[in-house]
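Engineer: Handing you a structure now.
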Amino acid sequence: MLGLMQNQPLLISGLIDFAERHHGDAEIVSRRVEGDVHRYTYKESAHRARQVAGALDALKLEFSDRVATLAWNGYRHFELYYGVSGSGRVLHTINPRLHPDQIAWIANHAEDQVLCFDLSFLPLVQAVHERCSTIRHYIALCDEAALPVESGIPGLISYESWIGTQSGHYTWPSFDENSASSMCYTSGTTGNPKAALYSHRSSTLHAYAAALPDVMGLSARDAVLPVVPMFHVNAWGIPYSAPLTGAKLVFPGPALDGKSVYELMEAEKVTYAAGVPTVWQMLLGHLKPAGLKFSTLRRTVIGGSACPPAMINAFRDDHGVEVLHAWGMTEMSPLGTLCTLKNKHDSLSDSDKMKIRLKQGRAIYGVDMKIVDDSGKELPWDGTTFGDLYVKGPWIVREYFKGEGGDPLVYDGDGVGWFPTGDVGTIDADGYLQITDRSKDVIKSGGEWISSIDVENIAVAHPAVAMAACIGIAHPKWDERPIVAVVKRPGMDITRDELLRFYEGKTAKWQIPDDVVFVDAIPLGATGKILKTRIREMLKDYRLPTA
Ligand code: ADP
């Protein structure tokens, strides 16, 4: 017997419809490439998203055709999120920080038909367009007046004139909720990038789950600023979760320096922000010397790489802001776990609470996880045994786009497929996951494992250290030993021996790095994460003093 409830497919258009009807006057504020600040409401945004849908129909795009974007976080990008997916096409957000060869490769692989881009990326589009064989329409995200005259890009039109021909009277189509809605390529540090192809169902369920109180905890009383880019894993789902809750959205556009982000946060009374640790490092670095404080920010979700304790402390002690540590990946839409404390933790000392806050957190309903040994046997949840982390759930990839790389899942005896994350971690008795490392970054020393994350966290707790990256170096006796590459804070000094002494008492002796290498900068990848492969290349001639 089937239940007798209304059968409505979970479609992305439903989110913007809801925001338009129930939070129509909630604001979306964007810093634009043009330099000014644009503001309007969900109601106006929904109207323009329907204009986008109509304009795509006018281009005769078929169901599931791919529409690519090279764009910052902003209102036009947001309209494309809804206009493209809502009308049944697939939004392909491209990371503009990728190498042009990679961009051309993924545009061809995705068979993008349309490319919408912010004018900041005009030189990039000029460099790659001749190699993008499937793209038929180029649209610059600007008005007619700002359209470059001789761009060299065939048929280039402005977004405003493109959607301006549409009335906005458009009825969102209904279709199977399992239809593809958007796609995102993984950064692909090895081999060609592979795409996660999200569905309307997976994105909507993820948006619901992300908004829960013990997850992002978004509400209509929040003003949310995603520093995490809309061009990578849908800005952690915030463009979907915000309309679902009626939260005000504040988009920083291209101005991602500490000063600009801080000023926008203050001007728009932002209560909630989201970003990777390197972004906050920069923001906090701007605030501290200037003696600036956040006056409205209450919580910030930090993920994408491990959040150092020094950062959690700085947010709490200097600004009264709670850090929510999150873990996830492109293949998981991206949220997997988020760290909030339980009632039973209330009586713990601050330092014991910190030990929990540093963990990547508890699984969100919808995500199941386990850690396994080399033979695939599940390991205990005791907070110390570590193993390869596997996940499953309705917003986790089953297969990559076009079947690239074959079947990624690992099957239990009963045929249940788990996605191997490539991360190594522990899970404690309360279900809190702690990532030890990426399996390829963990340092194997004398049969024991050293977490590069732990080594980095201690280094950046030193006031003279701006950034740190730990890698393993081959060692004749121990197999590998850790060293730490360090960028000093401007105007501050520290010696190798001082930093090594700083480790004493903070970690086991054999986990203290063998050496410190001072560098001018630590290379970051396209999503703002430390590029360990590049550091290994930089230090390929390095020899350990202890070897
Ligand atoms: P990529 O940019 O390489 O595609 P993702 O954005 O999908 O990567 O990042 C996923 C990976 O980032 C995870 O598998 C994990 O190694 C790392 N990661 C994400 N969040 C955290 C975190 N809070 N702590 C430690 N590592 C994290």
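The values are calculated or read from the model by the stated rules, or taken from the named source; none is laboratory data. Keep in mind that this is a model prediction, so the values were computed, not measured. Neighbour counts run over all protein chains shown; Cβ positions are idealised from the backbone, glycine included. Remember, those area values only see protein heavy atoms, side chains included, never the ligands or the DNA or RNA. Shrake-Rupley method; radii C 1.70, N 1.55, O 1.52, S 1.80 Å.
Engineer: Are there strands (runs of 3 or more DSSP E) fully within segment 429-521 with at least 2 residues that are away from the ligand (no atom under 16 Å from the Cβ)? List them.
Structural biologist: Details: elements: 432-438, 443-445, 448-450, 465-475, 479-488, 515-518.
In segment 429-521, the matching strands (runs of 3 or more DSSP E) lie at 443-445, 465-475, 479-488, 515-518.
Engineer: Exactly one of (1) within 16 Å of the ligand (Cβ to nearest atom); (2) over 21 Å from Glu404 (Cβ atoms); (3) free of Cβ contacts under 8 Å to residues at least 24 places away in the same chain is unmet by Pro96. Its number?
Structural biologist: Result: Pro96 passes all but (3).
Engineer: Does segment 242-260 hold any residues that are touching a helix residue (DSSP H, G or I) at 6+ places or on another chain (Cβ under 6 Å) and either open to solvent by less than 10 Å² (accessible area, probe 1.4 Å) or of a type in the set (Lys, Arg) (or both), and which are they?
Structural biologist: Step one: list which residues in segment 242-260 are touching a helix residue (DSSP H, G or I) at 6+ places or on another chain (Cβ under 6 Å), which gives 243-245, 249, 252, 254, 258-259.
Correct list: Pro243, Leu249, Pro252, Gly258, Lys259.
Engineer: Which of the residues spanning segment 129-145 are open to solvent by less than 40 Å² (accessible area, probe 1.4 Å) and either out of contact with any Leu (no Cβ under 9 Å at 6 or more places or on another chain) or within 22 Å of Arg31 (Cα to Cα) (or both)? Spell out the reasoning first.
Structural biologist: Quick first cut of segment 129-145, residues open to solvent by less than 40 Å² (accessible area, probe 1.4 Å) only: 129, 132, 134-135, 138-142.
Of everything in segment 129-145, those that are open to solvent by less than 40 Å² (accessible area, probe 1.4 Å) and either out of contact with any Leu (no Cβ under 9 Å at 6 or more places or on another chain) or within 22 Å of Arg31 (Cα to Cα) (or both) turn out to be Thr134, Ile139, Ala140, Leu141, Cys142.
Engineer: Ok, one more. Select the helices (runs of 4 or more DSSP H) contained entirely in segment 11-126, then report the ones holding at least 2 residues which are within 22 Å of Leu218 (Cα to Cα) and either open to solvent by 50 Å² or more (accessible area, probe 1.4 Å) or hydroxyl-bearing (Ser, Thr, Tyr) (or both).
Structural biologist: 12-22, 42-58, 75-86
Engineer: Does segment 456-473 contain any residue that is touching an Asp or Glu at 6+ places or on another chain (Cβ under 9 Å), open to solvent by 40 Å² or more (accessible area, probe 1.4 Å) and in contact (Cβ under 8 Å) with a residue 24 or more places away in the chain?
Structural biologist: First pass over segment 456-473, keeping only residues touching an Asp or Glu at 6+ places or on another chain (Cβ under 9 Å): 462, 464, 467-473.
With open to solvent by 40 Å² or more (accessible area, probe 1.4 Å) added as a condition, the list becomes none.
No: segment 456-473 contains no residue that is touching an Asp or Glu at 6+ places or on another chain (Cβ under 9 Å), open to solvent by 40 Å² or more (accessible area, probe 1.4 Å) and in contact (Cβ under 8 Å) with a residue 24 or more places away in the chain.
Each row is one residue, and each column tells you yes or no for (1) modelled with pLDDT under 90; (2) of a type in the set (Ser, Thr, Tyr); (3) closer than 29 Å to Gly447 by Cβ; (4) touching a His at 6+ places or on another chain (Cβ under 6 Å).
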| residue | (1), (2), (3), (4) |
| --- | --- |
| Ile494 | no, no, no, no |
| Asp497 | no, no, yes, no |
| Ala521 | no, no, no, no |
| Ala526 | yes, no, no, no |
| Lys529 | yes, no, yes, no |
| Ile535 | no, no, yes, no |
| Ala547 | yes, no, yes, yes |
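The rows are residues; the columns are (1) open to solvent by less than 50 Å² (accessible area, probe 1.4 Å); (2) free of Cβ contacts under 8 Å to residues at least 24 places away in the same chain; (3) not acidic (Asp, Glu).
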residue	(1), (2), (3)
Ile396	yes, no, yes
Tyr400	yes, no, yes
Gly405	no, no, yes
Tyr411	no, yes, yes
Asp414	no, yes, no
Thr421	yes, no, yes
Gly425	yes, no, yes
Asp428	yes, no, no
Tyr432	yes, no, yes
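Engineer: Ok, one more. Do any residues in segment 378-389 that are within 20 Å of Val410 (Cα to Cα) and part of a loop (DSSP other than H, G, I, E, B) have Cβ atoms under 8 Å from those of residues that are open to solvent by 50 Å² or more (accessible area, probe 1.4 Å) and not small (Gly, Ala, Ser), where the two are at least six apart or on different chains, and which pairs are they?
Structural biologist: If the second residue must be open to solvent by 50 Å² or more (accessible area, probe 1.4 Å) and not small (Gly, Ala, Ser), the pairs left are Leu379/Phe386; Phe386/Trp449.
Engineer: Which members of segment 107-155 meet the condition of being charged (D, E, K, R) and at pLDDT below 95? Don't jump to the end; show me each part of the working.
Structural biologist: In the first step, residues of segment 107-155 are kept if they are charged (D, E, K, R); the result is 111-112, 118, 130-131, 136, 143-144, 150.
Selection gives Glu150 alone.
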